[in-house]
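The values are calculated or read from the model by the stated rules, or taken from the named source; none is laboratory data. On a predicted model such as this, the values are computed, not experimentally measured, just so you know. Note: ideal-geometry Cβ built from the backbone for every residue, glycine included; neighbour counts use all protein chains shown. Side chains included, ligands, DNA and RNA excluded: accessible areas come from the protein's heavy atoms. Shrake-Rupley method; radii C 1.70, N 1.55, O 1.52, S 1.80 Å.
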Amino acid sequence: MDYKGQQLAELLFYWIIIAFGAVGWVIGYMHQDFFIVFKFWLVGVSISVVLCVPDWPFYNRNPIEWLDSVPNRQVESKESSK
Amino acid sequence: MHTVWVRLNGVVFFGLTVLLCLSCLAAISKIGHTSSHAPVIEKLELKSLRSLKSHGGVDRALLSFDLKADMTPAFHWNIKQLFVYVVASYESTKNRNNQIVIWDKIVESIHPEDMMIELENVFVKYALVDQGDELRGKDVKLQLMWDHMPITGLLYMGEQPLSEASSFTLPTEYQ
């Protein structure tokens, strides 16, 4: 998972859990039953686990571009110190 | 967020934090509920006095009572159960205010049929025992009290107004 992917994963589970919790709380309040809130919350967490925990391909769309490796670095540094 | 385990940890514990906030909101949503939703106590009075004896140096009275109360208004989505109890109170020379629990009952929110308490001639669970031998001739008040046990938040008490409590006078002789 690349850096952009990590950011996306964190934002996803953040808003999914909050959204399910908020909607569940309002519906639970209307029915005066906290178990409804818990069920909504559990669905939100389950979706987040499936969506955000495994390394899905769409988290790897911005691979880190490494610089090319320096050839013969030890040889070069010895030569420059002379 | 770079490995599966760090992400799993993040999701689970963020979820638990949200659940905690939702529970606290549920508790906050019912602040002030008791001021407009008081249980209705239609009847709480002495049915019969079974005995008043000296029991190893201290006075002990056994009695039965009638109780009819609707506890339904006290319940809401953040109440797990009520602990309902009958308190007998009287004055004595030793103590200005004696309060003795003589009977109790747990009313759970998952059993709505128990919320309407209608009992006749119930014998006390715990005897009315004085600290000394001063029970004879005393005026005793019977009062219903209850503890709200919430799912989240603080336990708080409720009670029948003392002005509505019934009272009776114990006999002046042992019987």
Residues of the range B:74-96 that become at least 30 Å² less accessible with every protein chain present than in their own chain isolated, using 1.4 Å: which are they? B:Trp77
Against the 2.2 N^0.38 Å scaling, with N counting residues, where does chain A land? I'd like the Cα-based Rg ratio to two decimal places. 2.01
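Could you give the C-alpha radius of gyration of the range B:34-169 expressed as a fraction of 2.2 N^0.38 Å, taking N as the number of residues it contains? Let's see the in-between values first.
Working: Rg = 15.8 Å, N = 136, 2.2 N^0.38 = 14.2 Å.
The range B:34-169 yields a ratio of 1.11.
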Radius ratio Rg over Rh of the protein assembly as shown, counting only Cα atoms, Kirkwood formula for Rh: 1.37
I'd like the mean, over residues of A:54-61, of how many other protein chain beta carbons sit within 10 Å of each residue's own Cβ. 1
Using only the alpha-carbon atoms, how far is helix B:4-28 inclined from the longest principal axis of chain B? Give it as 0 to 90 degrees, nearest 10. 40
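Using only the heavy atoms of the protein chains and a 1.4 Å probe, how would A:Cys52, B:Cys21 rank by accessible area, largest first?
On the way: A:Cys52 0, B:Cys21 75 Å².
Largest accessible area first, the residues go B:Cys21, A:Cys52.
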What does the accessible area of A:Trp56 come to, in Å² to the nearest 10, when a probe of 1.4 Å is used? 100
Using the alpha-carbon atoms, what tilt in degrees (0 to 90, nearest 10) does helix A:3-31 show relative to the longest principal axis of chain A? 10
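Based on the Cβ-Cβ distance from B:Leu16 to B:Asp70, what FRET efficiency comes out when R0 is 41 Å, to the nearest 0.05?
Values: r = 38 Å, r/R0 = 0.92.
With a Förster radius of 41 Å, E is 0.65.
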Please tell me the relative contact order of the range B:34-169 in percent, rounded to the nearest whole number, where contacts are Cα pairs under 8 Å and at least six residues apart. 29
Give the angle, between 0 and 90 degrees and rounded to the nearest 10, that separates the Cα long axis of helix A:34-52 from the longest principal axis of the Cα atoms of chain A. 20
Restricting to Cα pairs under 8 Å and 6 or more apart, the percent relative contact order of the range A:3-53 works out to 46
Near B:Ile41, within a Cβ-to-Cβ distance under 14 Å, what is the net charge of the other residues, with Lys and Arg +1 and Asp and Glu -1? -3
Please name which of B:Pro39, B:Asn78, B:Val101 has its Cα lying farthest along the dipole of the protein assembly as shown towards the positive end, using unit charges on Cβ (Lys, Arg +1; Asp, Glu -1) and the Cα centre as origin. B:Asn78
Considering only protein heavy atoms and a 1.4 Å probe, what is the carbon-and-sulfur percentage of the accessible area of chain A? 64
For the interface of B with A, what's the total buried accessible surface in square angstrom, probe 1.4 angstrom, rounded to the nearest hundred? 2000
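Would you work out what percent of the accessible area of chain B, with all protein chains in place, is carbon or sulfur (probe 1.4 Å)? Spell out each step's value before the answer.
Working: 5160 of 9290 Å².
With neighbouring chains kept in place, the figure for chain B is 56 percent.
Over the protein assembly as shown, with the other protein chains present, what is the accessible area per residue in square angstrom, probe 1.4 angstrom?
On the way: 15380 Å² over 257 residues.
For the protein assembly as shown, the solvent-accessible area averages 60 Å² per residue.
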